[in-house]
Amino acid sequence: MTLAARDIEKRFDRRAVLRKASLELHPGEIVFLSGPNGSGKTTFARILATTLAADAGTVTLDGRAVRSALTESRRAIGFAGHRPLLYLGLTPLENLEFFGKLAGVSDARARASRLLAGFGLEEFSGIPMEHFSRGMLQRVALSRALLPQPRVLILDEPYAGLDEQGADTLNTLLSEARSRGTAALLISHTRERIVPGIARSYALRNGVIEASA
Amino acid sequence: MTALRVLAKDLKLHARDARFLATLALFSLSLVLILSVAFGPLFRDPAREASATLWAALFFAGVLGLTRALDLESESGGGEALRLTGADPFSVYAGKATANFLLMAALWVLLLPCAAVFFDVGTLEVLPEVAVVAALALIGYAAWGTLFAALARGLKARELLLSILLFPTLIPLWIGAVKLTRSLWAEGSIDAVRDWVKIMVVVDVLGIALAAWLYETIQEAEE
Amino acid sequence: MTSGIPGWLTRSRRVVWALAIVLVAASLWAVVARAPIEVQMGVVQKIVYIHVPSAIATLVAFGLTFAASIAYLATRAWIWDAIAASACEVGMVFATIVLVSGPLWARSAWNTWWTWEPRLTSFLIMWILYGGYHVVRASVAGNSKKTISAVLGVVLFLNLPIVWKSVEWWRGSLHPRSVTMTGDMRQTLLLSMAAWLVFFLAVFRERVRLEALRHAEEEVERAR
C-alpha cells in the first residue's frame, strides 16, 4: 500500500509547525526522516498515523483519503511513537492480545508470544507493566505496532531505549516486514543503528520535508 | 465483541488497582457518615434522609470513578492505541460505560447496607425493586458520565468540570432515584411516584442516543 | 488577501444600535410612566418588565447556541462556533439578570428570597450548565475548542426539556406563573420584550463581530 501525505499544514496555538510537508511511502521501501528537535517530526508522524488531524493537506492510502475510511486506514497502519500507547496496568501479553484482537488478528496471542520472545521479554510477559523500564516498554510498544503486520509502518524514534539485542530484533523484524511489501517510515536522529537498506532519506526543516543525502 | 473486550480490559485494570478502590470506598463511606451526622441523630423522615444520603454519596464518589477510568486511558496513551486499532467508537463507549456502571453498582452494594443500617430503614422484601431503581439511575449516570468524561479528558480540573456538567444534567435522575427509593422504603411501593420511572428511562435513553451520535466526534477531538 | 468579516456583521451597525437604544429607552419610560403600579406589590412588581424579557432573551440565546452548534458539527465553519459561543455568553448575562430579578420580585410577593419555583430553578440549572460550557471552552486546547464546545452546546440543550419537566414535577403544580396582563401593563410588557430582544440581538451581533475580527487576525498570521 502507498501512503501519501501532501501539503500537510499544522499549527499549535498560532505557531506553524508544518507548512506544506509532503512525503510518499511505497510498498517494500524503508524511508528515513530526520530533523532537529522540535522540527515537527513527531507531529508529522502522528498525522500520517491518523491519530492527529492536519489543518490542511491530505493523507491518502492507495489514493483514498484516510479520513474517509478511518477504520480500514487505521488497521493498515502500525504506529509507535514517544508514548508507550499501552495500558500499564495490564501485562505485555494482555496488552498485545487486546490490541491485536481489536485490530482483527485472530491468532493475536500466538503472535504476541512470538514477538515478546523475539524481544527477550518472555519471562516478563505475564507481569503488569507499571514498573517496566523504558527499554522494556519500548519493546512491547514496538510489538504492539508490528503484531497485526500492517501494510504501513510509522515508527518514531523506534531505537530509543533499545540495547544491542533489541535493535537487532527490530532490524530483523523490519527486514521481514519489508520483504512482505510493507511501506515503512523511520524517524530518527541518526541512521546508525538502522540495518535494513534505506530507500530514500529526508529531513524535516522549517515545516517542510526536503530530500537529504 | 469490541464492547466486551473493552469492558473486560477496564474491569481488569480497576481490579488490579486495589489502592484506588479502597480509597473510593472510604471516600464514599465518609460521605455517608457526614450526611448521616448532618441529618441525625434523630431522623425525622429516615426513609427520605437515607435515600438522599445514599444517592448523594454515590453521585459524588462516582465522579472519582469516572475520572479514574479516564486517566487509565490517557496515562500512557492506551486510549490512543485503542483508537488506532480502528475499533468502532460506540462499541468502545459501550464497553467503557458498562465498566463504569459496574463500578458504580459495586459502590451501591457497599453503601446500601450502610445507609439502611445507619438510618434503620429498608427491608429485604423491597430490595429487588430498590435494585431496579438503582440500576435505572446508575445506567443513566454511567451513560452521561462516560460521555462527559470523554469531553473533559485532558483538561486540568477534570473532576470539577465533570461535576459542574454532570450533576445539573442528572437532576431528573437524582430526584427520581431519591423519591423512588424513599417511597419503597417508607411505603413499600412506588405508586405515588411511578411517573419518575418514565423520566429516568428517558434520561437514560437520551444519554445513550447522544453517545451513539457524538462519541466518535468527541474521541477524534485533539487532546 | 483581505479577509473581510462577513457583511451581515457590519451592515448598518449604527442603525441597529440606535434602534435598540431608542426601544430600550422607550420601554423604560413606559415602565416608569405608563405602567400602572400594581395594587398588591407596589412598585417592585415592575421588575417583571425586565425579568420576563430577560428570560425570553436567555432562551433565544441558548436556542441559538444549540442551532449554531449543530451547524458547526455539520459544516465545521468557524462562523457557527463564533455564533454559538457569542450567543451563550450574552445569554449568560441575561440569565443572570433573570436569577437576580426573580428573587427580588419573590421577596416582595411571597416574602421569601427563593421558593424553588420551577422556572426559576430550571434557570439556575441552565445558568450552571452554560457556565460550565464557558469554563470548558476556556480550558480546552485551541485545536479542539470548537468541536468540544459544539458537542457540549448540543448535549446540554437536548437535556433541558427533561430537566424542566422534572423540576416542574418535583415542585408540584404550585404557583402558576402565567402572566396575564391587560391594557397598559400588557402594552408595556410587549414593548419591553421587543426592546430587550432587539438589544440582545445588537449585543449578540457585536460579540460575533468581535470573534470575526479575531478570526480575521488569525488568518493574517496564518498567511505569514
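Tally Lys and Arg at +1 and Asp and Glu at -1 over the other residues with C-beta under 14 Å from the C-beta of B:L13: what net charge comes out? Walk me through the numbers on the way to the answer.
On the way: positive: B:R5, B:K9, B:K12, B:R16, B:R19, B:R68, B:K96; negative: A:E94, A:E130, B:D10, B:D17, B:D71, B:E73, B:E75.
Taking every other residue near B:L13 into account, the sum is 0.
Would you mind telling me which residue in C:M181, C:M193, C:M92 has the biggest mean-square fluctuation in a Gaussian network model of chain C, where springs connect alpha carbons within a distance under 10 angstrom? It is C:M181. FRET efficiency for the B:T217 to C:V39 pair, using the beta carbon distance and R₀ = 60 Å, is estimated at 0.60.
Summing Lys, Arg as +1 and Asp, Glu as -1, what charge do residues with Cβ under 13 Å from the Cβ of B:L184 carry, B:L184 excluded?
Numbers: positive: B:R48, B:K179, B:R182, B:R194; negative: B:E125, B:E129, B:E187, B:D191.
Cβ neighbours under 13 Å give a net charge of 0.
Loop sites by DSSP among the chymotrypsin sites (Phe, Trp or Tyr not before Pro) of chain C, restricted to those with at most 16 other Cβ atoms within 10 angstrom, leave C:1-112 as the longest stretch without any of them. Label-to-label distance for C:W29 and A:A167 is 8.7 nm, based on points extended 7 Å past Cα in the beta-carbon direction. Only Lys, Arg, Asp and Glu carry charge here, each on its Cβ (+1 for the first two, -1 for the last two); on that basis the protein assembly as shown has a dipole of about 1520 debye about its Cα centre.
By per-residue mean of other Cβ atoms within 10 Å, what is the highest-first order of B:170-181, A:145-156, A:71-82, B:112-123? Walk me through the numbers before you get to the answer.
Values: B:170-181: 24.5, A:145-156: 22.7, A:71-82: 21.0, B:112-123: 17.9.
By packing density, highest mean first, the sequence is B:170-181, A:145-156, A:71-82, B:112-123.
By its C-alpha gyration tensor, with a ≥ b ≥ c as the square roots of the eigenvalues, how is segment C:7-223 shaped: rounded for a/c under 1.5, else prolate for a/b larger than b/c, else oblate?
Values: a/c = 2.83, a/b = 1.46, b/c = 1.94.
Cα axes put segment C:7-223 in the oblate bin.
Label segment B:180-219 by shape, choosing from rounded, prolate and oblate, from the square roots a ≥ b ≥ c of the eigenvalues of the Cα gyration tensor; if a/c is under 1.5 it is rounded, and otherwise prolate applies when a/b is larger than b/c, oblate when it is not. Cα axes put segment B:180-219 in the prolate bin.
Defining a contact as two alpha carbons under 8 Å apart and six or more residues distant in sequence, what relative contact order in percent does chain C show? Intermediate results must be reported in sequence, preceding the final value.
Working: 220 pairs, mean separation 82.0, N = 224.
Contact order relative to length: 37 percent.
Springs between Cα atoms under 10 Å define the GNM used for chain C, and in it the highest mean-square fluctuation of C:I50, C:I37, C:I79 occurs at C:I37. Listed by chain and number, the lysines whose C-alpha is less than 25 Å from the C-alpha of A:K101, apart from same-chain residues fewer than 8 away, are B:K9, B:K12, B:K96.
Each of B:I190, B:P89, B:G78 was scored by the projection of its Cα onto the charge dipole of chain B, and the greatest displacement toward the positive side belongs to B:G78; charges sit on the C-beta of Lys, Arg, Asp and Glu.
Considering only A:D163, A:D13, A:D62, the mean-square fluctuation computed in a Gaussian network model of chain A, springs between alpha carbons under 10 angstrom, is largest for A:D13.
Using a Förster distance of 35 Å, how high is the FRET efficiency between A:S212 and A:A56, based on the Cβ-Cβ distance and rounded to 0.05?
0.90
Express in nm, to one decimal, how much length is gained between C:W8 and C:L158 on full extension, taking 0.36 nm for each residue of separation and deducting their alpha carbon distance.
Working: separation 150, 0.36 × 150 = 54.00 nm, distance 2.87 nm.
Between C:W8 and C:L158, full extension yields 51.1 nm more.
Given axes a ≥ b ≥ c from the Cα gyration tensor, I'd like to know whether the protein assembly as shown is rounded (a/c under 1.5), prolate (a/b larger than b/c) or oblate. Could you put the intermediate results ahead of the total?
Values: a/c = 3.23, a/b = 1.44, b/c = 2.25.
Oblate is the answer for the protein assembly as shown, as a/c is 1.5 or above yet b/c matches or exceeds a/b.
Selection among A:L153, A:T169, A:V59 by position relative to the dipole of chain A gives A:V59 as farthest towards the positive end (Cβ unit charges, Cα centre).
What is the sum of charges around C:V44, taking Lys and Arg as +1, Asp and Glu as -1, for the other residues whose C-beta is under 9 Å from the C-beta of C:V44? Walk me through the numbers on the way to the answer.
Details: positive: C:K46, C:R107; negative: C:E38.
My count for the surroundings of C:V44 gives +1.
Counting only other chain Cβ atoms within 10 Å of each residue's Cβ, the peptide A:126-133 averages 1.
Over the Cα atoms of chain A, compute the convex hull volume and normalise it per residue, giving Å³.
Numbers: hull volume 24.6 nm³, N = 213.
Cα convex hull per residue, to the nearest whole number: 116 Å³.
Listed by chain and number, the lysines placed with their C-alpha closer than 22 angstrom to that of C:K145 are A:K10, B:K156; residues fewer than eight positions away on the same chain are left out. Shielding value for A:99-110 is 3, the average number of Cβ atoms from other chains within 10 Å of each residue's Cβ. Structural descriptor for chain B: relative contact order 28 percent, calculated from alpha carbon pairs under 8 angstrom and at least 6 residues apart.
Legend: mean number of C-beta atoms from other chains within 10 angstrom of residue C-beta atoms, peptide C:156-166, equals 5.
Hand me the GluC sites (Glu not before Pro) from segment A:120-213 located in a DSSP loop with no more than 16 other Cβ atoms within 10 Å, in residue order please. Spell out each step's value before the answer.
Values: sites: A:E122, A:E123, A:E130, A:E164, A:E176, A:E192, A:E210; in loops: A:E192.
When the GluC sites (Glu not before Pro) of segment A:120-213 are filtered for loop state and at most 16 Cβ neighbours within 10 Å, A:E192 remain.
How big is D, in µm² s⁻¹, for chain B by Stokes-Einstein at 25 °C and 0.890 mPa s if Rh is the Kirkwood radius over C-alpha pairs? The estimated diffusion coefficient comes to 137 µm²/s. Note on segment C:86-181: the C-alpha convex hull projects to 7.2 nm² when averaged across all orientations. DSSP beta bridges fully contained in the protein assembly as shown are about 50 percent antiparallel. Model label points for A:S133 and C:E206, set 7 angstrom from Cα along the Cα-to-Cβ axis, are 6.5 nm apart. Look at B:R16, B:R48 and count the other Cβ atoms within 10 Å of each Cβ; fewest to most, that gives B:R16, B:R48.
Only bridges whose two residues both fall in segment A:3-211 count here: according to DSSP, what percent of them are antiparallel, nearest 5? Please list the in-between numbers first.
Numbers: 18 of 35 bridges.
Here the antiparallel bridges make up roughly 50 percent for segment A:3-211.
Rounded to a whole number of µm²/s, how large is the Stokes-Einstein D of segment B:142-209 at 10 °C and 1.306 mPa s, given Rh as the Kirkwood radius over C-alpha pairs?
Working: Rh = 13.2 Å.
D = 120 µm²/s.
Mean residue ellipticity, 222 nm, helices only, chain A: the sum of -39500 (n - 2.57) across DSSP H runs of n ≥ 4, divided by residue count and rounded to 500, is -9500 deg cm²/dmol.
Bear in mind that the values in this text are calculations on the coordinates, not laboratory data. A quick note: this is a predicted structure, and the numbers were derived from the prediction, not measured. Cβ atoms come from the backbone with ideal geometry, glycine included; neighbour counts cover every protein chain shown.
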